[in-house]
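See below for the structure under consideration.
What follows draws every value from the coordinates through simple rules; no lab data is involved. Every value quoted in this text rests on a predicted model; they were computed, and no experiment measured them. Here the Cβ positions follow ideal geometry from the backbone for every residue, glycine too, while neighbour counts run over all protein chains shown.
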Ligand code: MCA
Ligand code: AMP
């Protein structure tokens, strides 16, 4: 896929994935810590500012505690907690001593946690919620359960910053194009390459301050927001949950320059009476789901901000972005980022990606890996693309069965498998229904032996599915539309072509 080669670069700049000269993430972050230890870096909503020097010293000390527990480089640590300074510090401690972190959604229940734990076999879990901690204890008795503050006996600091570029830093669970959740293994080099591309493309500097309300258990908040902050030696204000009032007030209270959000957040900001405050930011970025052109225009109308939309995936970190210093085109995700190559293949045309940011495979899944990459080494995104006359990339659909609701991915198969266990459900199809606020909403079409209210259906699901995966509507039908091969024609359901019985 061609694009203006230097769409993202300032005159005279070139991209070098290893520009930081650091072999791993924390060596790159440590340079900024050493430079100006007094500088504020992470704001915790309860405890206030943590300086770069405090993050450095405290994370080294916590690495000592983890080592005293017996953890060693290469061991996996599950991490499931709301944003906090403690969580950030302990995350840094893990990476500094070469542990591999598995960020996990705090909405997950026993079934979802059991899959991740059974598959990745972590030796420890950092969890902020006693109830979830108990669930984890039931799943894996021998696993060390820790709070985000790591209240453990102290120990000598282990060797830090020793990970190789190809050492895994993260295992992030995602379903890829099909099937069960798989652990995408991201190396230190993958994460560094993406951070360097975004530094150049978004002109990210030490002077920046990010309002970070995205959860730190997914790639958007963690790999883009937190990693970028630490890589650039800039600062971030953490929020737990998203409240438009707080964000809009935070812009001036914290002298913020950056906001990253999913389209649902922009939808809520656009209708807020104080939305004009967004004008105070240097850059607003949207990603994780399509930003409708009408919403892009609404934000500009109320605040003057031209939101910069970008496109990425857990497996690849960031792939494409609208340009910082040229037209940000509504409905488009812009140009491939520095160091990223994109091409369109097949009919319909799928976006395929290559670059130092792209992961090398899923944890323990040789077959899925063979399917995820083409023979000549390109990663299949499962997204359908088009490129316009000016080289802007547009995402025009998905080849994979995926619903994106409020920036969270929901795999219909997983929801259908759970719903099929309901005694009154004979046949079921789960699809995404268009929603102005959520992008897509999870809805189910069902053939049932007796009427079921959606709330009763949700109650029957209980914690077998995280609440954001629950169907919000249940449409009774006499039969599901199928093609000649017996496959449910989901596109007809999504378009509302099948009327409820
Ligand atoms: C919460 N709920 C949802 C969602 N979030 N339902 C559907 N979709 C959702 N995304 C439900 C809860 O289950 C609950 O339902 C009710 O909404 C209230 O929960 P609450 O937590 O108060 O919701 P909220 O504050 O309104 O949350 C909306 C949100 C949140 C702030 C938009 O969903 C969010 O932070 N989204 C960001 C996701 C993200 O970081 N994605 C990045 C993935 P009930 O009461 O009925 O049980 S990384 C990625 O995609 C790639 C790498 C990329 O390109 O970035
Ligand atoms: P995840 O598996 O959570 O990393 O989600 C990645 C998927 O989110 C991509 O494959 C796309 O389908 C979707 N996505 C991310 N950013 C955008 C965007 N700006 N526009 C449309 N889809 C997006």
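Structure above, values below:
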read-out: Calculated Rg and Dmax of the range 257-395 using C-alpha coordinates, Å; value: 16.6, 53
read-out: Separation in nanometres of the label points that stand 7 Å from Cα toward Cβ, at residue 207 and residue 479; value: 6.7 nm
read-out: Rg ratio (alpha-carbon, reference 2.2 N^0.38 Å) - the range 1-137; value: 1.28
read-out: Mean projected area (nm²) of the alpha-carbon convex hull when the range 459-501 is viewed from all directions; value: 4.2 nm²
read-out: Interatomic Cα distance distribution for the range 256-329, bins of 5 angstrom, percent; value: 3, 16, 29, 28, 15, 6, 2, 0
read-out: Burial order of peptide ranges 191-199, 122-130 (average beta-carbon count within 10 Å, highest first); value: 191-199, 122-130
read-out: Antiparallel DSSP beta bridges within the chain, as percent of all bridges there, nearest 5; value: 60 percent
read-out: All Cα pairs of the chain, percent lying beyond 37 Å; value: 27 percent
read-out: Cα gyration tensor, the range 177-248 - rounded (a/c under 1.5), prolate or oblate; value: oblate
read-out: Convex hull per residue volume in Å³, alpha carbons only, for the range 354-427; value: 173 Å³
read-out: Tensor-based shape of the range 373-469 (alpha-carbon gyration tensor, a/c under 1.5 rounded, otherwise prolate or oblate); value: prolate
